[in-house]
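The values are calculated or read from the model by the stated rules, or taken from the named source; none is laboratory data. Quick caveat, the model's predicted, so the values are computed rather than measured. Here the Cβ positions follow ideal geometry from the backbone for every residue, glycine too, while neighbour counts run over all protein chains shown.
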Amino acid sequence: MKKILPILMGLVAQTSICQTTLNIVPEPVQIQMHAGSFKFGHAVNIATDQGTLHDAVMLNHYLDKFYKLTLKVKKASEVSGQTPSILLSLSRQKNPLPGEYHLEVSDSHVVINGRDPEAVFYGIQTLLQLLPPDSTAFTGGKGCELPQLAILDYPRFQYRGMHLDVGRHFFGVKDIKKFLDYLAWQKFNYFHWHLTEDQGWRIEIKRYPRLTQIGGFRNGTIIGHYPGTGNDSIHYGGFYTQAEVKEIVKYASDRYITVIPEIEMPGHSSAAIAAYPQLSCFPDQSTEVKPNTPWAGSRTGKQVQQTWGVFPDVYCPSEYTFTFLENVLDEVMKLFPSKYIHIGGDECPKTYWKRSEFCQQLIKEKHLKNEEGLQSYFISRIEKYVNSKGRQIIGWDEILEGGLAPNATVMSWRGEIGGINAAKAHHYVIMTPGKYVYFDHAQRHEEDSVTIGGYLPLDTVYNYEPVPRQLAQDEQKYVLGAQGNIWTEYMGNWNKVQYMIYPRMTALSEVLWTPKSERNWDNFKSRLPEVFQRYHLWNVNYYNPLK
Ligand code: ACM
């Protein structure tokens, strides 16, 4: 709902109305407007309860970042009843929902009350959207009048995710932190970090230094749309040290975001194989380069890929590979506290396994049906290992083929059918269908820059319903939520990433947070002009579909 505010009385000089309309995204569950106002400005204190000091620090961090405004932080017991303050408090109500907060603005106080610090943090994000999208709103001692109101709010889905592929193009720590900021501002709580690819291995693994020394770099990249008009011949790459990974995980956790690492297997593994050829069923065979692929540098030996697509040289299901992957996962699980570890599982051609004597023998020995059965054996074996460390695997929906690993959560990307089948089999599901949430697809019919293709306009994202109609009532609970995916073949810089995600990610935030009954495209569209002003405040690039 777009709230038009009553005229506020008694404004003093240097004080304006903070917002003439409320345009909060994602739209809260319930907003009640009251008469009167609260003066927001330099004189306001932030009052903390037991457990909300971190939230107070974050609120001040945002006020400083957007407005160069820093408020005094005090314990609630030290703030007199007369002092205008923002009280951050942990709820004493019975059975609040996960993420539920109450935000109340009265004449002398703003109170944000949540069941835990995470819920209070969501209330803070809402409060920030009650302030003007103007970085000078508080300069020179200025303040503004917030309307008195009461907001009750909580998320619809427990999994509100965004993915980022750093394999095709690499983005440094600074950009990843910006990405986490974007997630936090719109109440996302999972960052799926796609860390290994054919075109680059991006995470330092101490036991296998060649993964980043060799696998972290390629000799060139195709120019233009696949298969490319040429090759730029630029040595390209990068990786995150383990210290940087820890820094990112902490930055995310400060914003109540869980980072899920993805270590791809058995496909999309060219970079790892270039570093350790024994991981291939055919270690001595050079990487195949198609005749129409513009290539830079050596064509012999195992190579990190320079073009996009799916490649046949995949992990061999040998004891060498399993030991390697277990050792890699040991280091990964030490760095990421996430319950979920994503193990990929998508787009694994079976051609090498078909002609490998070793694989054919293994299929016989293990009484598997075929190569799909071998993939299922591969994933199930890794799942057992990950489970033995107290974690759970997530895989792309191909892990359904040949039999689903017993405890796996499925990411449904090739449409909704994988998610439907997994939920019907009582497996948890995260919906990421290409048609609705692949933000690498074009936003307009006539593309204004090179993209992978497809067409995903804003209203299609906004109108996406993550719970498929085909699921019965008791099966719907297996849909944990949904996620927007950002594959970066055609996103060589951060500016382009921003352009591709905004405003589609904003639309998705409402799909994931707001009750289905409150979702309304026309209303969302009417809030977009202010959303765009807020993008300016956030200093992010975006596509404007209203132009
Ligand atoms: C995928 O888009 N290959 C999961």
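Assorted remarks:
- Qualifying residue in segment 340-352 (condition: acidic (Asp, Glu), within 16 Å of the ligand (Cβ to nearest atom) and assigned to a loop (DSSP other than H, G, I, E, B)): yes
- Which numbered condition Ile452 misses (of (1) modelled with pLDDT of 95 or more; (2) within 13 Å of the ligand (Cβ to nearest atom)): (1)
- Of note, Gly309 satisfies the criterion of being under 23 Å from Gly200 (Cα atoms), within 16 Å of the ligand (Cβ to nearest atom) and at pLDDT 95 or above.
- Val304 being modelled with pLDDT of 95 or more, at negative phi and within 16 Å of the ligand (Cβ to nearest atom): no
- Residues considered: Ala76, Ala43. Of these, the only one that is over 19 Å from Ala119 (Cα atoms), among the aliphatic types (A, V, I, L, M) and over 28 Å from the mean Cα position of the chain (by Cα) is Ala43.
- Only residues that are within 15 Å of Gly220 (Cβ to Cβ) and surrounded by 17 or more Cβ atoms within 10 Å (Cβ to Cβ) were counted across segment 273-292, and they come to 2.
- All positions within segment 352-382 that are within 23 Å of Glu416 (Cα to Cα) and acidic (Asp, Glu): Glu372
- Hits in segment 530-543 (condition: loosely packed, with under 14 Cβ neighbours inside 10 Å and without any contact (Cβ under 8 Å) to a residue 40 or more places away in the chain): Asn539
- Residue within segment 521-536 that is within 23 Å of Gly172 (Cα to Cα), more than 16 Å from the ligand (Cβ to nearest atom) and not in a loop (DSSP other than H, G, I, E, B) present: yes
- Scanning segment 394-407 for residues that are buried (at least 24 other Cβ atoms within 10 Å of the Cβ) and either away from the ligand (no atom under 15 Å from the Cβ) or assigned to a loop (DSSP other than H, G, I, E, B) (or both) returns a single hit, Ala405.
- Every residue from segment 472-500 that is crowded, with 18+ Cβ neighbours inside 10 Å and either closer than 14 Å to Lys516 by Cβ or basic (Lys, Arg) (or both): Val479, Gly481, Ala482
- The residue of segment 67-83 that is surrounded by the most Cβ atoms within 10 Å (Cβ to Cβ), among those that are at pLDDT below 95 and assigned to a loop (DSSP other than H, G, I, E, B), is Val79.
- Of the residues making up segment 59-66, not a single one is touching a helix residue (DSSP H, G or I) at 6+ places or on another chain (Cβ under 7 Å), within 30 Å of Thr506 (Cα to Cα), in contact (Cβ under 8 Å) with a residue 40 or more places away in the chain and in a strand (DSSP E or B).
- Unique match (being more than 16 Å from the ligand (Cβ to nearest atom) and within 30 Å of Glu319 (Cβ to Cβ)) among Asp254, Asp232, Asp284: Asp284
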